[in-house]
Amino acid sequence: MAILPKSAVETLFDQLDQTTQLIEKNLETTYLDALTETIANIADGGRVKVEDGLPDAATVAQLEPLYAAVNLNQFEAEEIRQALQLATLKGLRQVKVEPNKQMTPDAIGYLVAYLAEVFGGADQIKTILDPVVGTGNLLATVINHIQKLTGNTVQGFGVDNDDSLLEIAGISSELQKHSTTFFHQDAIEPLLVKPVDIAVADLPIGFYPLDERAADFETHAASGHSYAHHLLIEQTMHYVKEGGYGFFLVPNVILETDEAKQLIKWVTKHVYLQGLLSLPANLFKTKEGQKAILVLQKQGAGAKQVDQILLGEFPNSNDQKAFATYLQKIRTWHKDNLQ
């Protein structure tokens, strides 16, 4: 049987994985921390960072030729992102990270990128905000998609309160040659970001603990803790330009809960609900866990509420023909309703 040549993604992943494991073993640390170290070394031209004698001389001698073999110029940004994603997923599985900090799967990231292209107009997208950026995978997916379509440089902005995930996002962005600025902070606090063309977010689901801060938002709960994902939607759209779009991964039933009243009231007042598309059911273990992409457009700049909101469910992601047909239907709907 002929052995198939490795893909570019597999080749780079193997390089990342091999060097990460060497550091992991020698420093007696987690795979994720070792990965952060190895991609920082690669970003620094392959120089091995040694602190307090670690990694030791023998490990450095093993790492140096491996780093010398890494030539990032031979890879496209999307190939680098995918290889980094595979390595990061391996690290996240090891530490059993909480659900709200899991990476956005590519199957979903590509759909967000497609909707951003169709609704936002690829040529019009110069700036993108992700207020819960994590390792940066969703933001990078959208940036790579838009940049490949247009040839334009897209300025990204990412916010997160987890410094270890943010460190991966920062170095990953550097390796992909993205122009992205990251902020280590609670995204519910005021952001140092000028209004952007679009925003994307895989929203954490749950309650926001700081009631005093939540009270400043129209979407806060009448009593008790407020939903963090409601507050984040309001906060994020505040930093989107008039007429710009927000694409949010939300629970499928976001508009059907008892707490939805304040959110719907805010939506009616400040933005236009242009679409709510359920993601393919086969991507989720349970119907209760199914998510949707919520498409909001900020009022102003000639924006209008469509008569027929784009509603529906993506077909099974394994049915390529049905999936392609559905994507074309979305494009046709947009042309008929928003152009």
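The values are calculated or read from the model by the stated rules, or taken from the named source; none is laboratory data. This one's a predicted model, so the numbers in the text were calculated from it and none came from an experiment. A quick note on method: Cβ atoms are made from the backbone with ideal geometry, for glycine too, and the neighbour counts reach across all protein chains shown. Just so you know, the surface numbers come from the protein's heavy atoms only, side chains and all, with ligands and any DNA or RNA stripped out. Shrake-Rupley method; radii C 1.70, N 1.55, O 1.52, S 1.80 Å.
Annotation for Ser223 and Arg93: the two label points, set 7 Å from Cα along the Cα-Cβ direction, are 4.6 nm apart. Less than 5 angstrom separates the built amide H of Val240 from those of Val196, all sequence-distant by 5 or more or on a different chain. Largest GNM mean-square fluctuation among Leu92, Leu210, Leu175, using the chain with Cα springs under 10 Å: Leu210. Counting only protein heavy atoms and a probe of 1.4 Å, the accessible surface of the chain is 52% carbon and sulfur. Just want the answer: with Cβ charges of +1 for Lys and Arg and -1 for Asp and Glu, which residue in Thr88, Val132, Ala260 is farthest toward the dipole's positive end in the chain? Most positive-ward Cα: Ala260.
Taking other residues whose beta carbon is less than 15 angstrom from the beta carbon of Gly224, and scoring Lys, Arg as +1 and Asp, Glu as -1, yields -2.
Taking each residue as 0.36 nm, the span from Ser7 to Gln21 lengthens on full extension beyond its C-alpha to C-alpha distance by 2.9 nm.
Accessible surface area normalised per residue over the chain is 49 Å², counting heavy atoms of protein chains with a 1.4 Å rolling probe. Full extension of the chain between Ser179 and Glu288 yields a length gain of 35.5 nm, computed as 0.36 nm times the residue separation minus the alpha carbon distance.
Which entry in [x] 162; [y] 133; [z] 123 is this structure's computed volume of the Cα convex hull per residue in Å³? The value matching this structure is [x]. Under 5 Å from the amide H of Thr181 lie the amide H atoms of Gly156, Phe157, Gly158, each residue being 5 or more positions distant or on a separate chain, with H modelled from the backbone and absent for Pro and chain starts. When only the Cβ of Lys, Arg, Asp and Glu is charged (+1, +1, -1, -1), the dipole of the chain relative to its Cα centre reaches about 1240 debye.
Past the 31 Å Cα-Cα mark, which pairs from Lys269/Lys329; Lys148/Lys304; Lys90/Lys285?
Checking Cα-Cα distances, every pair stays at or under 31 Å.
Under 13 Å from the Cβ of Gly91, count the other residues' Cβ atoms, weight Lys and Arg +1, Asp and Glu -1, and hand me the total.
-1
Neighbours of Val196, meaning other residues whose beta-carbon lies under 11 angstrom from its beta-carbon, give a summed charge of +2 when Lys and Arg score +1 and Asp and Glu score -1.
For the peptides 274-282, 23-31, 290-298, the ranking by packing is 290-298, 274-282, 23-31, with the highest mean count of neighbouring Cβ atoms within 10 Å listed first. Taking the Cα centre of the stretch 221-313 as origin and assigning +1 to Lys and Arg Cβ atoms and -1 to Asp and Glu Cβ atoms, the resulting dipole is close to 160 debye.
Shape class of the stretch 20-109 from the alpha-carbon gyration tensor: oblate, with a/c at 1.5 or above and b/c at least as large as a/b.
Please state the relative contact order of the chain as a whole percent: Cα pairs under 8 Å, 6+ residues apart? Across the chain, relative contact order equals 12 percent. Normalised by the number of residues in the stretch 1-143, the mean separation of alpha-carbon contacts (under 8 Å, six or more apart) gives a relative contact order of 25 percent.
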